[in-house]
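The block underneath contains the structure these notes are about, expressed in structure tokens.
Just so it is clear, none of the values below were taken in a lab; they were calculated from the coordinates. Because the structure is a prediction, the values reported are computed rather than measured. Here the Cβ is made from the backbone with ideal geometry for all residues, glycine too, and neighbour counts use every protein chain on show.
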Amino acid sequence: MSNEYKIAIILPTRGRTTALTRSLVGLLEKAADLDTIQVLLGLDTDDTVGITHFQESLQPQLDDLGVSYTAMTFEPLGYSRLNEYINTLSKNSDADWIFFWNDDAVMESDNWDLEIVKHTGEFKLLAVHTHQDHPYSIFPIVPRRWLDLVGHLSLHSMTDAWLSQIAYLLDIWERIDVHVLHDRADLTGNNLDATFKERELLEGNPSNPRDFHNPNMAVLRMNEVEMIHVYLKSIGVASDWWDRIKAGTQDPWEHLRNNDPNSQMRQFTLKVK
């Protein structure tokens, strides 16, 4: 079944006005073909600042650009359930690629959409250059088939880590020639607002059932790796990397370390059995 658009931009946002407009309008203005792009925004029902800004300022600009967009409202889920926003917005998309964007991100590359479209038909997790080339795909770009196959994009708020670890274990992670500035408070000093300060980060306490490194979370990721592995074999895509990992003859994180020129990943707590 063909999709109507080539790329769907998934963007949950809360309480941001200037940063949101700068981020989304800037992203769209640097695209080569807006007719192939779909935008899906997620807004909380109690976010009067964000909703008013969208209706009075951002929506008219999107109309002027002529881009297809949908704004969905959610009962507030909080940062710790960010993946639920992403999963729901993604399920309402109709594009070959799903691109998870942030309201504090700034696109620096012209014609970024053409770089993504070059990979249409491939089952890979694409990564842009950002965070001093962090080895994770900080703004994940995945084929729609990933969502259809697994039923969601992530079961944890750390969607970038969730998808990146799965991609590394399957050897389907690829950096593309697109550059993005993540204008986040702890990186640049900007956007130090309530949205940033009130984030609940579920990492660093494996005994917490909701922590990214909790053993049960690791098992869920392994299940998804195996599911995608079976699919890749069924379409004739070489996938012996995962077989070697399971056999104990391949370092699971070899490519991740090689993609970490600035040593931003200091430990690997996920065990592969």
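Summary of computed values
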read-out	value
Pairs with Cβ under 7 Å, 6+ apart, first in the stretch 106-117 and within 14 Å of Phe139 (Cα to Cα) and touching a residue at least 12 places away in the same chain (Cβ under 8 Å), second assigned to a helix (DSSP H, G or I) and of a type in the set (A, V, I, L, M, F, W, C)	Met107/Leu27
Unmet requirement for Lys30, which otherwise passes all of (1) closer than 16 Å to Phe100 by Cα; (2) charged (D, E, K, R); (3) touching a Phe, Trp or Tyr at 6+ places or on another chain (Cβ under 7 Å)	(1)
Scope the stretch 151-167; condition part of a loop (DSSP other than H, G, I, E, B) and touching a residue at least 12 places away in the same chain (Cβ under 8 Å); matching residues	His152, Leu153, Ser154, Leu155, His156, Ser157, Met158
Cβ-Cβ under 6 Å pairs, at least 6 apart or on other chains, the stretch 53-76 side among the polar types (S, T, N, Q), far side exposed (fewer than 12 other Cβ atoms within 10 Å of the Cβ)	Thr73/Thr45
Lone qualifier among Asp133, Asp148 - being more than 17 Å from Leu82 (Cβ to Cβ), among the charged types (D, E, K, R) and part of a helix (DSSP H, G or I)	Asp148
Enumerated helices (runs of 4 or more DSSP H) restricted to the stretch 1-110, each holding at least 2 residues that are closer than 26 Å to His156 by Cβ and not hydrophobic (A, V, I, L, M, F, W, C)	82-91
Residues being in contact with an Asp or Glu (Cβ under 6 Å, 6 or more places away or on another chain) and among the β-branched types (Val, Ile, Thr) - total across the stretch 10-44	1
Any hit, the stretch 75-92, residues being surrounded by fewer than 17 Cβ atoms within 10 Å (Cβ to Cβ) and of a type in the set (S, T, N, Q)	yes
